[in-house]
Amino acid sequence: MGTYIGIMSGTSLDGIDIVAADFSASAPALFHKAMYPFPDALKSKLIGLSQGEPITLEEIGTIDHFLGKTYAETVNRFLAETGLDPKDVLAIGCHGQTVFHKPTGPMPFTMQLGDANLIAALTGITTVADFRRKDMALGGQGAPLVPAFHQSLFADATTSRVVLNIGGIANISVIEPNKPVVGFDTGPGNMLMDSWINHHKGKAYDHDGEWAASGTINRSLLEQMLSEPYFDLPAPKSTGRELFHQGWLNTQLALLNEAVSPEDVQATLLAFTATSIANDVKSISEGELLVCGGGAQNAALMASLQRLLPRWQVMPTDAKGIDGDSLEALAFAWLAKQAMEGKPGNMPEVTGASRPCRLGAIYYPD
């Protein structure tokens with residue numbers, strides 16, 4: 001028996017999720033969970049960096065240090081608030097903050113910031129980080145990394161299940177009886193909706209999709225956005241804020257050549273997220289769609305998914321006993337365990353890597 005800590009801060013940049021769990025039994029035991037906000041200055045820098053704003057090498061180094069220190073302070077606060085003894089924690093699994101992900105082309109690369117040396121040194125706990133680049137070194141996309149964990153949690157002998165994480169980007173793990181697991185990014189999750197409401201109303205997100213529900217879907221805009229070439233690519237594939245950002249949306253609106261009210265844009269963005277997800281899920285006749293991430297809290301988005309997928313049972317992963325807000329952080333605690341035990345963490349059939357491999361570099365505190 002041993003405790004692992006998982007840290008995840010995704011493309012939505014809504015905060016740092018952290019969990020403590022044990023994996024010695026057949027099902028993971030989640031002891032503690034918390035979410036802490038990003039410092040505002042750090043969040044704005046990260047958004048700008050991921051959207052291609054000019055930045056110096058010194059600024060990148062500063063963000064890397066700032067993030068590493070912030071993660072370490074988050075862990076120490078979490079330990080103090082939960083009463084956990086650092087000596088009882090076998091390792092921390094920290095995904096880091098993705099600022100650019102380009103898995104295709106002659107020089108594919110991915111970049112996550114957050115100095116793991118600082119995390120290990122300031123917490124005194126062995127830290128596992130840099131989970132994506134080994135898979136990419138073996139020809140994979142380096143994403144998604146959680147389908148193996150999803151399979152261990154949700155595989156069923158008779159029912160097809162799709163685990164859908166709706167963070168900034170939406171990704172799915174397709175788990176069908178007697179078939180290899182398939183997983184990939186479907187496209188935007190909350191990212192464009194959050195960006196649009198922040199720009200127009202100064203809010204971090206659209207609570208329950210209420211603003212979207214006040215508008216009307218613009219079908220021309222929806223069809224135009226769905227013509228983005230990414231959606232026609234075969235799996236394995238992955239994407240991020242480097243494609244689907246506010247500049248991309250501004251281009252789409254300019255190409256439309258007609259005025260669309262802000263609330264109608266928000267309604268169309270919600271439909272865009274739901275439709276791009278549903279188009280991929282429809283390839284399977286029926287089953288259970290298990291939703292986690294921030295999007296699972298958006299009532300209008302969940303209702304839209306159910307309308308688009310009438311043969312599917314759409315529900316949060318909580319209905320299966322797995323806290324949806326903690327699932328991604330829990331996955332990186334599990335990946336840290338796999339790394340510490342010398343076991344593979346990737347699924348080549350999902351990422352396209354040439355073979356299974358241990359993921360993550362290990363940083364020791366001494």
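For every residue, the table says whether it meets (1) at pLDDT 95 or above; (2) among the β-branched types (Val, Ile, Thr).
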{"residue": "Ser152", "(1), (2)": "no, no"}
{"residue": "Ser160", "(1), (2)": "yes, no"}
{"residue": "Ile175", "(1), (2)": "yes, yes"}
{"residue": "Val181", "(1), (2)": "no, yes"}
{"residue": "Asp185", "(1), (2)": "no, no"}
{"residue": "Pro188", "(1), (2)": "yes, no"}
{"residue": "Met193", "(1), (2)": "yes, no"}
{"residue": "His199", "(1), (2)": "no, no"}
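Tell me yes or no: at least one residue of segment 229-246 is closer than 19 Å to Leu305 by Cα and either touching a residue at least 60 places away in the same chain (Cβ under 8 Å) or surrounded by 13 or more Cβ atoms within 10 Å (Cβ to Cβ) (or both). Can you show your working first?
So the first thing to find is which residues in segment 229-246 are closer than 19 Å to Leu305 by Cα, and the list is 231.
From what's left, either touching a residue at least 60 places away in the same chain (Cβ under 8 Å) or surrounded by 13 or more Cβ atoms within 10 Å (Cβ to Cβ) (or both): 231.
Among the residues of segment 229-246, at least one is closer than 19 Å to Leu305 by Cα and either touching a residue at least 60 places away in the same chain (Cβ under 8 Å) or surrounded by 13 or more Cβ atoms within 10 Å (Cβ to Cβ) (or both), which makes the answer yes.
It is to be established whether one or more residues within segment 96-107 are open to solvent by less than 40 Å² (accessible area, probe 1.4 Å), within 16 Å of Cys292 (Cβ to Cβ) and in contact with a helix residue (DSSP H, G or I) (Cβ under 6 Å, 6 or more places away or on another chain). Spell out how you get there, then give the answer.
Going through segment 96-107, the residues open to solvent by less than 40 Å² (accessible area, probe 1.4 Å) turn out to be 96-99, 101, 103.
Now drop any that are not within 16 Å of Cys292 (Cβ to Cβ), which leaves none.
For segment 96-107, residues open to solvent by less than 40 Å² (accessible area, probe 1.4 Å), within 16 Å of Cys292 (Cβ to Cβ) and in contact with a helix residue (DSSP H, G or I) (Cβ under 6 Å, 6 or more places away or on another chain): absent.
Would you be able to say whether some residue in segment 201-211 is open to solvent by less than 30 Å² (accessible area, probe 1.4 Å), in contact with a Cys (Cβ under 6 Å, 6 or more places away or on another chain) and within 19 Å of Met302 (Cβ to Cβ)? Full working, then the answer.
Keep residues of segment 201-211 that are open to solvent by less than 30 Å² (accessible area, probe 1.4 Å), which gives 206, 209.
Narrowing the set further to residues that are in contact with a Cys (Cβ under 6 Å, 6 or more places away or on another chain) leaves none.
No, the conditions are met nowhere in segment 201-211.
I need the full set of residues from segment 279-288 which are buried (at least 16 other Cβ atoms within 10 Å of the Cβ) and outside any helix (DSSP H, G or I), in order please.
First, the residues of segment 279-288 that are buried (at least 16 other Cβ atoms within 10 Å of the Cβ): 280-281, 284, 287-288.
Within segment 279-288, Ile284, Gly287, Glu288 meet the criteria.
Does Val291 satisfy the condition of being among the β-branched types (Val, Ile, Thr), open to solvent by less than 60 Å² (accessible area, probe 1.4 Å), at pLDDT 95 or above and not in a helix (DSSP H, G or I)? Step through it out loud before you land on a result.
Numbers: among the β-branched types (Val, Ile, Thr): yes; open to solvent by less than 60 Å² (accessible area, probe 1.4 Å): yes; at pLDDT 95 or above: yes; not in a helix (DSSP H, G or I): yes.
Considered against the rule, which asks whether it is among the β-branched types (Val, Ile, Thr), open to solvent by less than 60 Å² (accessible area, probe 1.4 Å), at pLDDT 95 or above and not in a helix (DSSP H, G or I), Val291 comes out as yes.
When only residues in segment 321-349 that are crowded, with 18+ Cβ neighbours inside 10 Å and of a type in the set (Asp, Glu) count, which is modelled with the highest pLDDT?
Per the stated criteria, the residue is Glu328.
Sort out which residues of segment 241-268 are under 22 Å from Ile172 (Cβ atoms) and out of contact with any Lys or Arg (no Cβ under 9 Å at 6 or more places or on another chain), and write them in order of number.
Within segment 241-268, Arg241, Leu243, Phe244, His245, Trp248 meet the criteria.
Any idea which of Ala72, Ala41, Ala34, Ala29 is without any contact (Cβ under 8 Å) to a residue 12 or more places away in the chain and open to solvent by less than 50 Å² (accessible area, probe 1.4 Å)? First the steps, then the outcome.
Working: Ala72 fails: without any contact (Cβ under 8 Å) to a residue 12 or more places away in the chain; Ala41 fails: open to solvent by less than 50 Å² (accessible area, probe 1.4 Å); Ala34 fails: without any contact (Cβ under 8 Å) to a residue 12 or more places away in the chain.
After applying the criteria, what remains is Ala29.
Scan segment 48-69 for residues that are surrounded by fewer than 17 Cβ atoms within 10 Å (Cβ to Cβ), in contact (Cβ under 8 Å) with a residue 24 or more places away in the chain and among the hydrophobic types (A, V, I, L, M, F, W, C) and report the count.
1
Yes/no matrix, rows are residues, columns are (1) in contact (Cβ under 8 Å) with a residue 60 or more places away in the chain; (2) among the hydrophobic types (A, V, I, L, M, F, W, C):
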residue: Val291; (1), (2): yes, yes
residue: Thr317; (1), (2): yes, no
residue: Ile322; (1), (2): yes, yes
residue: Leu335; (1), (2): yes, yes
residue: Gly342; (1), (2): no, no
residue: Gly345; (1), (2): yes, no
residue: Pro356; (1), (2): no, no
residue: Tyr363; (1), (2): yes, no
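Scan segment 294-305 and tell me whether some residue there is outside any helix (DSSP H, G or I) and either at pLDDT 95 or above or open to solvent by 60 Å² or more (accessible area, probe 1.4 Å) (or both). Step through it out loud before you land on a result.
Step one: of segment 294-305, the residues outside any helix (DSSP H, G or I) are 298.
The next check asks that each one be either at pLDDT 95 or above or open to solvent by 60 Å² or more (accessible area, probe 1.4 Å) (or both); those that pass are 298.
Yes, segment 294-305 contains a residue that is outside any helix (DSSP H, G or I) and either at pLDDT 95 or above or open to solvent by 60 Å² or more (accessible area, probe 1.4 Å) (or both).
Taking Leu192 as the residue in question, decide whether it is open to solvent by less than 10 Å² (accessible area, probe 1.4 Å), assigned to a helix (DSSP H, G or I), of a type outside the set (Phe, Trp, Tyr) and over 18 Å from Gln338 (Cβ atoms).
Working: open to solvent by less than 10 Å² (accessible area, probe 1.4 Å): yes; assigned to a helix (DSSP H, G or I): yes; of a type outside the set (Phe, Trp, Tyr): yes; over 18 Å from Gln338 (Cβ atoms): yes.
Considered against the rule, which asks whether it is open to solvent by less than 10 Å² (accessible area, probe 1.4 Å), assigned to a helix (DSSP H, G or I), of a type outside the set (Phe, Trp, Tyr) and over 18 Å from Gln338 (Cβ atoms), Leu192 comes out as yes.
Against the definition (surrounded by fewer than 22 Cβ atoms within 10 Å (Cβ to Cβ), in a helix (DSSP H, G or I), out of contact with any Pro (no Cβ under 7 Å at 6 or more places or on another chain) and not polar (S, T, N, Q)), how does Asp318 come out, yes or no?
Yes: the conditions hold for Asp318.
Which of the residues spanning segment 24-48 are of a type in the set (Phe, Trp, Tyr) and under 19 Å from Leu79 (Cβ atoms)? Walk me through it before giving the result.
In the first step, residues of segment 24-48 are kept if they are of a type in the set (Phe, Trp, Tyr); the result is 31, 36, 38.
Scanning segment 24-48 gives Phe31, Tyr36.
Any idea which of Thr216, Thr239, Thr275 is among the polar types (S, T, N, Q) and under 30 Å from Ala157 (Cα atoms)? Don't jump to the end; show me each part of the working.
Working: Thr216 fails: under 30 Å from Ala157 (Cα atoms); Thr239 fails: under 30 Å from Ala157 (Cα atoms).
Answer to the selection: Thr275.
Restricting to segment 160-189, name every residue that is open to solvent by 40 Å² or more (accessible area, probe 1.4 Å) and out of contact with any helix residue (DSSP H, G or I) (no Cβ under 8 Å at 6 or more places or on another chain).
Taking segment 160-189 as the starting set, the residues that turn out to be open to solvent by 40 Å² or more (accessible area, probe 1.4 Å) are 176, 178-180, 182.
Result: Glu176, Asn178, Lys179.
The values are calculated or read from the model by the stated rules, or taken from the named source; none is laboratory data. Small disclaimer: the values here were computed from a predicted structure and weren't measured. When we count neighbours, we look across all protein chains shown, and the Cβ atoms used for this are built from the backbone with ideal geometry, even at glycine. These area figures cover heavy atoms from the full protein model, side chains too; ligands, DNA and RNA do not enter into them. Shrake-Rupley method; radii C 1.70, N 1.55, O 1.52, S 1.80 Å.
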